[in-house]
Amino acid sequence: MPSAFIPLPPFPNVPFLPGVPQLVRSALFQPANTITLGSQAQRGLWASSQIVSVWGIFDSNGNEVVVPDNIYAFNDRQEWRVSDYPVEDGGFGSYNKVIVPFENMVRLTKGGSLSERTAFLKSIDTIAPLTTLYQLRTPEKTYLNVNVLRVDLTRRSSEGAYFLEVDITFRNVRQQNPQYSSTAANTVKAQNPAALPAINRGTVQPSSILSAQTAAQATTALLKAPF
């Protein structure tokens, strides 16, 4: 049985819109309205296209401390805890919700020459044991006062083990300003500046702890005591 012949239309019915290929269209097809952006939307689109996305690990002076080829992944972990207390009949109640210091994980990749990979790993080994606080910058948010908690290095055989993937986990460090107060006198010029002087707590009138009769009895007992 011969196959049926289905003629193709000489002109495809494709609308004339941005992003649609320029095709030959029949004059019988009415052109679709072109979608245009307002002046404010055009300015916003242009401004967003000119902003350079900032990713990386920076110190307090704004210097990037680790320079990878790419930041492959980023993870932000926020956690809160609610305290519980037991009540009667095996039940419990809840009170007080507190926030736990957040954690971030950044996955960095690095290739290139041997010297470049060595310098990359050395920069990570430099910041990992320090107590210095860093900043994790993303286009939308900057995570302040974080310190290195853990470093995981992965080498994949599919890349010939010359392609490095490093996961660096950071934890937020809560800083507190200690406050001290003292009512003691100034001991800077004392022989021992760390010593605390006696504190005057008011005038106390001396009084005898023994009555006259008790004192006489004690004196007589001492005179009769054998020596």
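The values are calculated or read from the model by the stated rules, or taken from the named source; none is laboratory data. Values in this document were obtained by computation on a predicted structure and should not be read as measured data. Positions of Cβ are generated from backbone atoms using ideal geometry, with glycine treated the same way; all protein chains shown enter the neighbour counts.
Worth pointing out:
- Selected residue (only one of R117, R107 is touching a residue at least 40 places away in the same chain (Cβ under 8 Å), surrounded by 12 or more Cβ atoms within 10 Å (Cβ to Cβ), among the charged types (D, E, K, R) and outside any strand (DSSP E or B)): R117
- Evaluation of F74 against the conditions (1) assigned to a strand (DSSP E or B); (2) touching a residue at least 60 places away in the same chain (Cβ under 8 Å); (3) under 20 Å from E116 (Cβ atoms) shows that the sole unmet condition is (3).
- Qualifying residue in segment 85-105 (condition: closer than 15 Å to V66 by Cβ and either of a type in the set (F, W, Y) or out of contact with any helix residue (DSSP H, G or I) (no Cβ under 7 Å at 6 or more places or on another chain) (or both)): yes
- Counting residues in segment 69-80 that are among the acidic types (D, E), loosely packed, with under 11 Cβ neighbours inside 10 Å and at pLDDT below 90 gives zero.
- Residue in segment 121-132 that is assigned to a strand (DSSP E or B), over 26 Å from F163 (Cα atoms) and touching a residue at least 40 places away in the same chain (Cβ under 8 Å) present: no
- Annotation note: of K97, K189, K122, the sole residue that is of a type outside the set (V, I, T) and either surrounded by 14 or more Cβ atoms within 10 Å (Cβ to Cβ) or modelled with pLDDT of 95 or more (or both) is K122.
- Filtered by the rule that a residue be touching a residue at least 60 places away in the same chain (Cβ under 8 Å) and surrounded by 12 or more Cβ atoms within 10 Å (Cβ to Cβ), segment 55-68 gives W55, G56, I57, F58, D59, V65, V66, P68.
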